[in-house]
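Readers should treat all values here as calculations from the given coordinates under stated rules, not as data from a laboratory. None of the values given here were measured: they were computed from a predicted structure. With ideal geometry, Cβ positions are generated from the backbone for all residues, glycine too; neighbour counts draw on all protein chains shown.
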Amino acid sequence: MPQLENAEERGRVFQRCFKGVSKILRAERRLRRSEGGTATVEIMFAIPVLLGIVMMATDASLLMYQKSKLLELARDASRMVAVGNRTVDEAKTLTLSRVDESAAYDVAVVVDGEYVISRVSVPFNSVILFTGVFVGSAQLSGHAAMWMETSDESSEETS
């Protein structure tokens, strides 16, 4: 920086620098008071949050619907075998025929003494749309157990 010889010249340089700084400070105060564009910034922060909430609500409703469907399928499979209308293999086949073939449904029907126990399951990823990356390889399943009806009970009810 060059040396200034007299006080008058130093004063002029100081005033020019001060004017530049004061202009910057005035512009900064004006921008601080101005509220133009704040709504845009607020919306840009709110939109991802709102979209996330909508996506999670959609997936939750799909999961609840699918859980109710799986419980109904398991109950029907157990009922078919418990009343003696179908064998275990027939119940599995009929249950699988009632579901979407694109998903990997698994049906298990077991007769355990006096009970028929059935389980119908499907991977989470084939049910939910948006949040599948968070569940990994988890399964959604419906279980049902029914008491095996014997022919003695059936004949007593009809007489």
Nitroxide proxy distance, nm - points 7 Å out along Cα→Cβ at Met64 and Glu35: 3.8 nm
Dipole magnitude of the chain about its Cα centre (Cβ charges: Lys, Arg +1; Asp, Glu -1), debye to nearest 20: 2300 debye
Reach of Lys69 by Cα under 21 Å, taken over lysines that are not fewer than 8 positions away in the same chain: Lys92
Two-decimal log10 I(q)/I(0) for the chain, as the Debye equation yields it once each C-alpha is a single scatterer, q = 0.11, 0.17 Å⁻¹: -0.68, -1.01
Candidate lysines - alpha carbon under 22 Å from Lys23, same-chain residues fewer than 8 apart omitted: none
Ranked Phe134, Phe45, Phe124, criterion: other C-beta atoms within 10 Å, fewest first: Phe45, Phe134, Phe124
Fewest-first sequence of Arg30, Arg75 by Cβ atoms within 10 Å of each Cβ: Arg30, Arg75
The chain, relative contact order in percent, only Cα pairs under 8 angstrom and at least six apart counted: 21 percent
Top positive-direction residue, dipole computed over segment 35-158 with Cβ charges, set Ser68, Val111, Val41: Val41
Convex hull volume per residue for segment 87-144, taking Cα atoms only, in Å³: 82 Å³
Net +/- balance of residues flanking Ala74 in space, Cβ distance below 12 Å, scoring K and R +1, D and E -1: +4
Computed label-point distance, nm, for sites Thr93 and Asp112 using a 7 Å Cα→Cβ extension: 2.6 nm
Per-residue ³J(HN,Hα) for segment 15-26, Karplus 6.51 cos²θ - 1.76 cosθ + 1.60, θ = phi - 60°, Hz, x for Gly and Pro: 5, 5, 5, 5, 4, x, 5, 5, 5, 5, 5, 5
For the chain, calculated [θ]222 nm from helices alone, where every DSSP H run of n ≥ 4 adds -39500 (n - 2.57): -20000 deg cm²/dmol
Packing-based exposure ordering (other Cβ within 10 Å, fewest first) of Asp89, Asp76: Asp89, Asp76
